[in-house]
Amino acid sequence: MKSRECRVEILLAEDSRVDVQVLQRCLRAVPFPYHLTVVSDGEAALAFLQRHAPYTVAPTPGLILLDVHLSKKSGWDVLRWVRAQAALSHIPVVMLTGAFAPFYQEQRDKLRPTLCLPKPPTVEEYRALVQVCQELVSQHPLSPALVGPL
């Protein structure tokens, strides 16, 4: 029987199609196998994480990238839910936004995202974001629950 390599599941909750497309292109450079699931609002992110339809067989992500300003539920709402789940609370979460307001400091202190970063304005800075993602994945050993088969 052939051994099956695993891939990292990355959940991207982002409502900007342009940001999604640029990130998808930049992610092609990572040296590890991955699968990117993109959702465009906070409720869809929660549905994915809770394995509600249409995500009933979704793997647990090894990395979550959350836009702060999502419709239906904010990125902070999604992060709050993730941190309250013992089985998910260890997943690295990167919060992304155009600019971090002073109010966000309280949210960061309370919810402790792995990183809070401004959305990259250039492709070069998206490549740097992808490098950060690669480092986070390498620092957080993945259990079989955090990966899916190729």
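Working only within segment 26-55, note down all residues that are out of contact with any Leu (no Cβ under 8 Å at 6 or more places or on another chain), in contact (Cβ under 8 Å) with a residue 60 or more places away in the chain and under 17 Å from Ala128 (Cβ atoms).
Across segment 26-55, the qualifying residues are Ala29, Val30, Pro31.
From the list His35, His90, which one is over 18 Å from Gln139 (Cβ atoms) and not β-branched (Val, Ile, Thr)?
Testing whether each residue is over 18 Å from Gln139 (Cβ atoms) and not β-branched (Val, Ile, Thr) leaves just His35.
What is the number of the single condition among (1) outside any loop (DSSP other than H, G, I, E, B); (2) at pLDDT below 90 that Phe32 does not meet?
Condition not satisfied by Phe32: (1).
Taking segment 43-58 on its own, how many of its residues are under 14 Å from Ala13 (Cα atoms) and out of contact with any helix residue (DSSP H, G or I) (no Cβ under 7 Å at 6 or more places or on another chain)?
The qualifying residues number 4.
Which one is surrounded by the most Cβ atoms within 10 Å (Cβ to Cβ) among residues in segment 70-90 that are touching a strand residue (DSSP E or B) at 6+ places or on another chain (Cβ under 6 Å) and not in a helix (DSSP H, G or I)?
Restricting to residues being touching a strand residue (DSSP E or B) at 6+ places or on another chain (Cβ under 6 Å) and not in a helix (DSSP H, G or I), the top hit is Leu70.
Looking at Pro121, Pro61, Pro113, Pro141, can you tell me which residue is closer than 17 Å to Val8 by Cβ, part of a loop (DSSP other than H, G, I, E, B) and modelled with pLDDT under 90?
Pro141
Return yes when Asp19 is at pLDDT 85 or above and either of a type in the set (D, E, K, R) or in a strand (DSSP E or B) (or both) and no when it is not.
When the stated conditions are applied, Asp19 passes them.
The values are calculated or read from the model by the stated rules, or taken from the named source; none is laboratory data. These numbers come from a predicted model, not from an experiment. With ideal geometry, Cβ positions are generated from the backbone for all residues, glycine too; neighbour counts draw on all protein chains shown.
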